[in-house]
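Encoded as structure tokens, the structure appears first; notes follow it.
The values are calculated or read from the model by the stated rules, or taken from the named source; none is laboratory data. This structure is a prediction, so every number in the text was calculated from the model and none was measured. All Cβ positions, even for glycine, are placed from backbone atoms using ideal geometry, and neighbour counts span all protein chains on display.
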């Protein structure tokens, strides 16, 4: 009996797009389902369809994808920048901080417009998916500066958690740092999670800054600056 050799270049369409740096795997699935992806001129709506990217022409919103060198940066995001690659009006977006970057990068997860601090930027969809997937269970630590002195009661209320988008979330750790500053560590990463927890505890947020993702620290990197994340740091964060 003769068995056909498996073509190692054939893969799910969503995986091909993520590997090409279009977006994370889940975001690529959405693009496909929204009809934004064509293969040899035909719209494909199923992310699970398989292709050999070396033998077909794949386009996203009319632009042909190409294999890019995998890059990953650690950015100290300033306030006032939006985590999107599509500019809404005249607002500032993260790509404005990378004027000479040749690769098609995007943020791994998001920080809202008024939150600053540690944000990873990459074109490696496989790495991005590992970081943001719930089963990775990666901690994110924030420094929150409030309008008043942090009391024991505030810490208790924050630690109790709350329901967000129908799911109960609870900080992994809450600690007072200074008179009106606390450290709060979360794992779920729900939208506006830290701000909603603060609101529940009757704390008005003056500033919010992410200082850690897993074992990756923001350190002394200047606001608006970025550096390359080393392969060693990536492995420490998500493994191989």
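Considering (1) modelled with pLDDT of 95 or more; (2) farther than 25 Å from residue 97 by Cβ; (3) crowded, with 16+ Cβ neighbours inside 10 Å, say which one residue 45 fails and leave the rest.
Just one mismatch for residue 45, condition (3).
Looking only at residues in the stretch 62-81 that are part of a strand (DSSP E or B), at pLDDT 95 or above and out of contact with any helix residue (DSSP H, G or I) (no Cβ under 9 Å at 6 or more places or on another chain), which one is surrounded by the most Cβ atoms within 10 Å (Cβ to Cβ)?
Once the filter is applied, the top-ranked residue is 76.
Please count how many residues of the stretch 198-207 are in a strand (DSSP E or B) and surrounded by fewer than 14 Cβ atoms within 10 Å (Cβ to Cβ). So that I can check it myself, show each step before the final result.
Taking the stretch 198-207 first, the residues in a strand (DSSP E or B) are 205-207.
Now drop any that are not surrounded by fewer than 14 Cβ atoms within 10 Å (Cβ to Cβ), which leaves 206.
Result for the stretch 198-207: 1.
Do you know which residues across the stretch 48-61 are modelled with pLDDT under 90, surrounded by fewer than 16 Cβ atoms within 10 Å (Cβ to Cβ) and in contact with a helix residue (DSSP H, G or I) (Cβ under 8 Å, 6 or more places away or on another chain)?
Once the filter is applied, which keeps residues that are modelled with pLDDT under 90, surrounded by fewer than 16 Cβ atoms within 10 Å (Cβ to Cβ) and in contact with a helix residue (DSSP H, G or I) (Cβ under 8 Å, 6 or more places away or on another chain), the stretch 48-61 yields nothing.
Okay, residues lined up against (1) out of contact with any strand residue (DSSP E or B) (no Cβ under 6 Å at 6 or more places or on another chain); (2) touching a residue at least 24 places away in the same chain (Cβ under 8 Å):
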site: 14; (1), (2): yes, yes
site: 17; (1), (2): yes, yes
site: 35; (1), (2): no, no
site: 43; (1), (2): yes, no
site: 66; (1), (2): yes, yes
site: 76; (1), (2): yes, yes
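Any idea which of (1) within 22 Å of the chain's Cα centre (by Cα); (2) farther than 30 Å from residue 118 by Cα is the one residue 25 doesn't satisfy?
(2)
Return only the number of the condition from (1) over 12 Å from residue 155 (Cα atoms); (2) out of contact with any helix residue (DSSP H, G or I) (no Cβ under 9 Å at 6 or more places or on another chain) that residue 213 does not satisfy.
(2)
Restricting attention to the stretch 88-99, does a residue exist that is more than 25 Å from residue 207 (Cα to Cα) and surrounded by 13 or more Cβ atoms within 10 Å (Cβ to Cβ)?
No, the conditions are met nowhere in the stretch 88-99.
Okay, residues lined up against (1) touching a residue at least 24 places away in the same chain (Cβ under 8 Å); (2) out of contact with any helix residue (DSSP H, G or I) (no Cβ under 7 Å at 6 or more places or on another chain); (3) assigned to a strand (DSSP E or B):
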site	(1), (2), (3)
109	yes, no, no
119	yes, yes, yes
129	yes, no, no
135	no, yes, no
138	yes, no, no
145	yes, yes, yes
155	yes, yes, no
171	yes, no, no
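Of (1) assigned by TED's automatic domain parsing to the domain that holds residue 107; (2) touching a residue at least 40 places away in the same chain (Cβ under 8 Å), residue 50 satisfies all except one. Which?
With (1) assigned by TED's automatic domain parsing to the domain that holds residue 107; (2) touching a residue at least 40 places away in the same chain (Cβ under 8 Å) applied to residue 50, the lone miss is (1).
Looking at 227, 210, 195, can you tell me which residue is surrounded by 12 or more Cβ atoms within 10 Å (Cβ to Cβ) and assigned to a strand (DSSP E or B)? Step through it out loud before you land on a result.
On the way: 227 fails: surrounded by 12 or more Cβ atoms within 10 Å (Cβ to Cβ); 195 fails: assigned to a strand (DSSP E or B).
210 is the lone residue from the list that is surrounded by 12 or more Cβ atoms within 10 Å (Cβ to Cβ) and assigned to a strand (DSSP E or B).
When you look at residue 219, is it touching a helix residue (DSSP H, G or I) at 6+ places or on another chain (Cβ under 7 Å) and assigned to a loop (DSSP other than H, G, I, E, B), yes or no? Break it down stepwise before answering.
Details: touching a helix residue (DSSP H, G or I) at 6+ places or on another chain (Cβ under 7 Å): no; assigned to a loop (DSSP other than H, G, I, E, B): yes.
In short, no.
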